[in-house]
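**Student:** I have a structure I would like to understand better, so I am pasting it below and will then ask my questions one at a time.
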Amino acid sequence: MNRRIAAVAIAGALLASCNGVQNVMGGDGAESANFIRLFTLFMVLCTIMYLIVVAALLAALWRRRRSGLTVDDRRHHQISPIVRPALIAWTALVVTGLTVLTVASFFIDRSNAATASKPAIHMTVTANQWWWDVEYNLPDVSKTLRTANEIHLPVNVPVHVTLKSNDVIHSFWIPNLAGKQDLIPGRLTDVLLLARKTGLYRGQCAEFCGVQHAQMALDVTVESKRDFERWYSAQLATAKPPATPLQRAGYRYFTTRECAACHNISGTPASGQVAPDLTHLASRRSIAAGALPMNKGNLYGWVADPQSQKPGNHMPTVGLEPNELHGLIAYLETLK
Amino acid sequence: MNAAEKAKAPPIKVPRDGPRLTGDALKAKLAKTWGNPPGFVGWLSSVDHKDIGRRYIVTALTFLALGGVLALVMRLQLSKPDNDLVGAARFSELFTMHGTTMMFLFAVPVMQGLQIYLTPLMIGTRNTAFPRLNAFSYWTYLAGGCLLWVAFVLNIGPDIGWFAYPPLSGPQYGVGKRTDIWAQMVTFTEVAALAAAVSLTATILKQRAPGMTLARMPLFVWATLVTSLMIIFSMPSVALASGLLLSDRLVGTHFYNPAERGDALLWQHLFWFFGHPEVYIIFLPATGFVSEIVATFSRRTIVHYPIVVLALVGTGILAFGLWVHHMFATGLPRIGYSFYTAASIAVSVPTGLQIFCWIATLWEGRPRLDVPLLYVIGFIITFVIGGLTGVMIAAVPLDLQLHDTYFIVAHFHYVLIGGAVFPLLGAITYWYPKFTGTMMSDRFGKISFWMIFLGFQLAFFPMHIAGINGMPRRVYTYPAGMGLELPNLLSSIGSMIVAAAVLLFVVNMVKSYSFGRKAEANPWGGSSLEWDTACPPERYNFAHIPVVESRTPLWDAGEKMPVAHGLRVEDREVLLTTVMSAEPDVREPSAEPSIWPFVSAVAVSIMFICSIFSPWAVLIGAVPATVALIAWFWPKSPEPDAEPTIS
């Protein structure tokens, strides 16, 4: 038993040590808070059941020194009178406990479903191997916003997310806010996010979707309504034109060479649609769906050789000359 | 001899076992009749269930070791964040091969191996029904396992996960032959499993010793019957699933292609309609081991035998109503989910009742803490955790968070290792003298038990925490700073301890084979019929077919087991009895050894493997397979002295 207690203590310590940007016990959204309530109830009842089983097992083994109803006494077919009432009690306990858990699960599930009644913001997240295409769909279509690998959410505002996939099955999962939902080609699924606390969180693809499944994360920012609106209008703006000669060289390369075939930068001729939108790339927290933190060095590494950074991803290594690379990075860094 | 002379000639006396033919004279005749032909061809021709069962067990344990090595490599890669020991592509192959090997090539086959070996001994007959089908089953299984592993070694192993969801496994994303090899390996194993299941079902229903009514059947045999029926009902579903996938990939159908009005979710329904029962196909035989071990080491019968039987049957039925709990995140209607939540939680009731019966048996008896019983205790302590986390993830709101995380990885390893491998290791220790004639070392057995038990907890308990801290399964790396470093490091250390312990277990097996203490017929004082045979049993199992008068024949029979007489001794014959009450019914010829099941399996394997490369292989490959099958079933010329087989 000491080992078990030690295990529980270690478990507690481990739980406490996490910083919680991607944690099912985060409780930072309505559904996630419901999760904690239900999880706690299940843990308590299951722990009681477990302790009863282990205690009964130990008692049965402890008792072995006494004589038993065994073949050595030719009484191996007999059962002592206590077993039958014990069986009835055990069955009643198990069935009652499980019924309580089932009913609790139904009620929490209904409560989660009810949250979805009046969403204020609609967005669409489309999964691709291995990045997230994000679109905010406002009633005013001129304010439709497209970004990639990050979402911003206003706190305490229900957000309805339509989920699609362009290739294989993925799963959309921001554990601090809500449970996961699969994105399935040929089907539409959805999830409702109701964030309760501002902060920076992390989502991640939860269904194996190919070689870079591990590097398919999503940066999530929950902020006040004002901050959200500020962010939104900044994101709606088109990219600023390049200012220095180096930036202009990068701009020229981007818009006339390989990059523009796949990537879009609003306000420029680059309008590819099959890869992440880069209009405000430099304002994001990470590169390549959470594979690398956003900074100049990583941007260099990524653009110079994406295949060594995230092997198997669909961005080819172009083979840039040093001056082309310097120009591109200088330009990309202006995309705030 | 013309017809008239033939009619006049006195009937030839066919020697039969009985009071006048008993003892060594009988044994010599039976050994000759039931022996294998000499040489390597004779070895390939064997239809003896003991040979086939042993081959199944040894092969499956080899695959366990191979799958375990893959697990160790994965644990090394995951021992620290952002590790680069194994690349992303290789890691996908590692977990696909690990899962596929463990589920298809280890867990189900090892259980069937033990069932093939033990069932005829436990029910008192000389061989399984359809012995050649059994031999065919083994060779097919071996070919499927070799296909997968040769492909892996040649770097064309599958990399799409062991449940191979399309479209990732479809023609557009799963390019090359990797997925075809996976899907065809599934075909091999399902043919093998179905063949063995049919053979076992018929054996149990028709070949029980006289007097062994259904209500007197050992619990392991009940578990075998239930799992065999489950295989018969669930395997066709995965056969259909993998067949449609191969057809999508090889001949351009669109069953799973949403762009052409196929449906990616169809696969998940078909696969899990098999995949969930499969878990119980692995687990129920393990509960059979537990029942036998608990009874023997408590020195009494299992308390409330009918409840255990009903629990087995109930689990077997409920297991078919749970598959959607693997699909809670796919956006199916919520009301429908509620049914599967209730069913998934309800399936723990029969298991809870079985656990009660085992503990009550230990309470009533005088338990002797030998190695097999230690594994049972380890099983209860470990498995119940897995069962309870299973109850948690049956609830939709909990599953939506925990699904596809390391919490699930922890859950199913608690259920499959705690619930099936622990009892399996106990069962191997328990029946080892029956398999080999020698006992396994007790000291090594105890050391490896404690190492496995404690190492397992260290390896898998922290995975719950990793899952709660947001680690999805099937990731080749994870970032630092999310609270994943410590749980992963502990898991990696624990896995090394488990590996060392399993190695010790294997060393113990190998060493005891040559140097172990010689075992008498019934070294543990067991009550069921297999302990009435020699260790290891003779080719013919029983000199006389035993007659059963209670659930524990060896404990109740006194000095001399009652036996039935009258089976031929110069031809292979088994006694068929009635399904319910096991009254003697018919004397039935049993198949002679034959090379043709092996040849058929080779022909079918060539057909299966070539069909990965061209659909024409199905047509052309069917010719040698048909020829081999015709030779296999070629009727024997009727004997001149044919007598009715009904006695």
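**Student:** Does at least one position in the stretch B:250-262 carry a residue that is assigned to a helix (DSSP H, G or I), within 14 Å of chain A (Cβ to nearest Cβ) and touching a residue at least 24 places away in the same chain (Cβ under 8 Å)? Walk me through it before giving the result.
**Tutor:** Residues of the stretch B:250-262 assigned to a helix (DSSP H, G or I): B:250-251, B:258-260.
Right, trim to within 14 Å of chain A (Cβ to nearest Cβ) and you get B:258-260.
Among the residues that remain, those that are also touching a residue at least 24 places away in the same chain (Cβ under 8 Å) are: B:258.
Checking the stretch B:250-262: at least one residue is assigned to a helix (DSSP H, G or I), within 14 Å of chain A (Cβ to nearest Cβ) and touching a residue at least 24 places away in the same chain (Cβ under 8 Å).
**Student:** Turning to a different aspect of this structure: Kindly indicate which of B:L30, B:L26 is among the aliphatic types (A, V, I, L, M) and either under 32 Å from the mean Cα position of the chain (by Cα) or on the phi > 0 side of the Ramachandran plot (or both).
**Tutor:** Unique residue meeting the criteria: B:L30.
**Student:** Please pick out the residue among A:T47, A:T96 that is hydroxyl-bearing (S, T, Y) and more than 9 Å from chain B (Cβ to nearest Cβ). Write out each step before concluding.
**Tutor:** Working: A:T47 fails: more than 9 Å from chain B (Cβ to nearest Cβ).
The conditions single out A:T96.
**Student:** Now, a different point. So is A:V83 closer than 16 Å to B:I307 by Cβ and modelled with pLDDT under 95 or not?
**Tutor:** The answer is yes for A:V83.
**Student:** Restricted to the stretch A:158-186, and to residues that are more than 9 Å from the chain's Cα centre (by Cα) and part of a loop (DSSP other than H, G, I, E, B), which residue is nearest to the other protein chains (Cβ to nearest Cβ)?
**Tutor:** Within the stretch A:158-186, the first condition is being more than 9 Å from the chain's Cα centre (by Cα), and the residues that meet it are A:158-170, A:181-186.
Keeping just the survivors that are part of a loop (DSSP other than H, G, I, E, B) gives A:158, A:166-169, A:184-186.
Values: A:P158: 17, A:N166: 11, A:D167: 7, A:V168: 4, A:I169: 5, A:I184: 6, A:P185: 5, A:G186: 2 Å.
It comes out as A:G186.
**Student:** While we're on this one: So, in the stretch B:161-200, exactly how many residues are of a type in the set (F, W, Y) and without any contact (Cβ under 8 Å) to a residue 12 or more places away in the chain?
**Tutor:** 1
**Student:** Looking only at the stretch A:109-122, decide whether some residue is part of a strand (DSSP E or B) and either surrounded by fewer than 17 Cβ atoms within 10 Å (Cβ to Cβ) or in contact with a strand residue (DSSP E or B) (Cβ under 9 Å, 6 or more places away or on another chain) (or both).
**Tutor:** Within the stretch A:109-122, one or more residues are part of a strand (DSSP E or B) and either surrounded by fewer than 17 Cβ atoms within 10 Å (Cβ to Cβ) or in contact with a strand residue (DSSP E or B) (Cβ under 9 Å, 6 or more places away or on another chain) (or both).
**Student:** Looking only at helices (runs of 4 or more DSSP H) that lie completely in the stretch B:278-391, which have at least 2 residues being among the aromatic types (F, W, Y)? Can you show your working first?
**Tutor:** Details: elements: B:305-318, B:334-346, B:348-364.
It comes to B:334-346, B:348-364.
**Student:** Give the number of residues within the stretch A:204-257 that are within 14 Å of chain B (Cβ to nearest Cβ) and over 22 Å from the mean Cα position of the chain (by Cα).
**Tutor:** Filtering the stretch A:204-257 for residues within 14 Å of chain B (Cβ to nearest Cβ) gives A:204-220.
Then drop every residue that is not over 22 Å from the mean Cα position of the chain (by Cα), which leaves none.
Qualifying residue count, the stretch A:204-257: 0.
**Student:** Something else: What is the one condition in (1) farther than 26 Å from A:T238 by Cα; (2) surrounded by 18 or more Cβ atoms within 10 Å (Cβ to Cβ) that A:A288 does not satisfy?
**Tutor:** Here A:A288 meets the rest and fails (1).
**Student:** Looking at A:L138, is it in contact with a Pro (Cβ under 9 Å, 6 or more places away or on another chain), at pLDDT below 95 and not polar (S, T, N, Q)?
**Tutor:** no
**Student:** Next up: Taking the criterion of being out of contact with any helix residue (DSSP H, G or I) (no Cβ under 8 Å at 6 or more places or on another chain) and over 30 Å from B:N83 (Cα atoms), would at least one residue in the stretch A:210-224 satisfy it?
**Tutor:** For the stretch A:210-224, residues out of contact with any helix residue (DSSP H, G or I) (no Cβ under 8 Å at 6 or more places or on another chain) and over 30 Å from B:N83 (Cα atoms): present.
**Student:** Sort through B:L194, B:L266 and tell me the only one that's surrounded by fewer than 22 Cβ atoms within 10 Å (Cβ to Cβ) and either basic (K, R) or within 14 Å of chain A (Cβ to nearest Cβ) (or both).
**Tutor:** On the way: B:L194 fails: either basic (K, R) or within 14 Å of chain A (Cβ to nearest Cβ) (or both).
None of the other options fit; the residue is B:L266.
Residue by residue, here is whether (1) touching a strand residue (DSSP E or B) at 6+ places or on another chain (Cβ under 9 Å); (2) at the interface with chain B (Cβ under 9 Å from one of its Cβ atoms); (3) assigned to a helix (DSSP H, G or I) holds:
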{"site": "A:V100", "(1), (2), (3)": "no, no, yes"}
{"site": "A:F106", "(1), (2), (3)": "no, yes, yes"}
{"site": "A:T124", "(1), (2), (3)": "yes, no, no"}
{"site": "A:P139", "(1), (2), (3)": "yes, no, no"}
{"site": "A:H152", "(1), (2), (3)": "yes, no, no"}
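**Student:** If I go through the stretch B:391-434 residue by residue, how many of them are among the polar types (S, T, N, Q) and within 13 Å of another protein chain (Cβ to nearest Cβ)? Spell out how you get there, then give the answer.
**Tutor:** First, pick out the residues of the stretch B:391-434 that are among the polar types (S, T, N, Q): B:401, B:405, B:429.
Checking the rest, the ones that are also within 13 Å of another protein chain (Cβ to nearest Cβ) come to B:401, B:405.
Result for the stretch B:391-434: 2.
**Student:** Within the stretch B:55-103, track down each residue that is more than 12 Å from every other protein chain (Cβ to nearest Cβ), small (G, A, S) and over 18 Å from B:S495 (Cα atoms).
**Tutor:** B:A60
**Student:** Test of understanding: among A:I88, A:I169, A:I174, A:I108, which residue is assigned by TED's automatic domain parsing to the domain that holds A:G210, without any contact (Cβ under 8 Å) to a residue 40 or more places away in the chain and among the aliphatic types (A, V, I, L, M)?
**Tutor:** Only one candidate passes the filter, namely A:I88.
**Student:** May I ask you to say which residue of B:V623, B:V569, B:V604, B:V599 is farther than 29 Å from B:T179 by Cβ, at pLDDT 95 or above and out of contact with any strand residue (DSSP E or B) (no Cβ under 6 Å at 6 or more places or on another chain)?
**Tutor:** Result of the check over B:V623, B:V569, B:V604, B:V599: B:V599.
**Student:** Can you tell me which condition B:T438 does not meet? The list is (1) within 29 Å of the chain's Cα centre (by Cα); (2) hydroxyl-bearing (S, T, Y); (3) within 11 Å of another protein chain (Cβ to nearest Cβ), and all the others hold.
**Tutor:** Single failed check for B:T438: (3).
**Student:** Keeping to the stretch B:162-181, report how many residues are in contact with a Gly (Cβ under 9 Å, 6 or more places away or on another chain) and away from every other protein chain (no Cβ under 14 Å).
**Tutor:** Of the residues in the stretch B:162-181, 2 are in contact with a Gly (Cβ under 9 Å, 6 or more places away or on another chain) and away from every other protein chain (no Cβ under 14 Å).
**Student:** May I ask you to verify whether A:A60 is modelled with pLDDT of 95 or more and within 15 Å of B:I359 (Cα to Cα)?
**Tutor:** So A:A60 does not fit the description; no.
**Student:** Could you figure out which of (1) of a type in the set (A, V, I, L, M); (2) facing chain B (nearest Cβ under 8 Å); (3) more than 24 Å from B:I307 (Cα to Cα) isn't true of A:V71?
**Tutor:** Only one criterion is unmet by A:V71, namely (3).
**Student:** In addition: Which one of the conditions (1) at pLDDT 95 or above; (2) farther than 30 Å from B:S581 by Cα; (3) surrounded by fewer than 24 Cβ atoms within 10 Å (Cβ to Cβ) does B:G176 fail to meet, given that it meets all the rest?
**Tutor:** (1)
**Student:** For the stretch B:197-209, how many residues are more than 13 Å from the chain's Cα centre (by Cα) and either surrounded by fewer than 22 Cβ atoms within 10 Å (Cβ to Cβ) or hydrophobic (A, V, I, L, M, F, W, C) (or both)?
**Tutor:** 7
**Student:** Okay, next question. Being closer than 19 Å to B:I116 by Cβ and touching a Phe, Trp or Tyr at 6+ places or on another chain (Cβ under 6 Å) is the filter; apply it to the stretch B:407-424 and report the residue that is surrounded by the fewest Cβ atoms within 10 Å (Cβ to Cβ).
**Tutor:** Within the stretch B:407-424, the match that is surrounded by the fewest Cβ atoms within 10 Å (Cβ to Cβ) is B:A420.
**Student:** In the stretch A:141-150, which residue that is of a type outside the set (D, E, K, R) and assigned to a helix (DSSP H, G or I) is nearest to A:A237 (Cα to Cα)?
**Tutor:** Within the stretch A:141-150, the match that is nearest to A:A237 (Cα to Cα) is A:S142.
**Student:** Any residue at all in the stretch A:68-80 that's surrounded by fewer than 13 Cβ atoms within 10 Å (Cβ to Cβ) and not in a loop (DSSP other than H, G, I, E, B)?
**Tutor:** No: zero hits.
**Student:** When you look at B:R474, is it of a type in the set (D, E, K, R), over 20 Å from the mean Cα position of the chain (by Cα), farther than 23 Å from A:M43 by Cα and more than 9 Å from every other protein chain (Cβ to nearest Cβ), yes or no?
**Tutor:** No; evaluated as a whole, the condition is false for this residue.
**Student:** Select from the stretch B:383-406 the residues that are under 21 Å from the mean Cα position of the chain (by Cα) and surrounded by 22 or more Cβ atoms within 10 Å (Cβ to Cβ) and write down the one among them that is farthest from B:A65 (Cα to Cα).
**Tutor:** In this case the residue turns out to be B:G387.
The values are calculated or read from the model by the stated rules, or taken from the named source; none is laboratory data. Note that the coordinates shown come from a computational prediction; the quantities given were computed from them, not determined experimentally. Cβ coordinates were reconstructed from backbone atoms using ideal geometry, including for glycine residues, and neighbour counts include every protein chain displayed.
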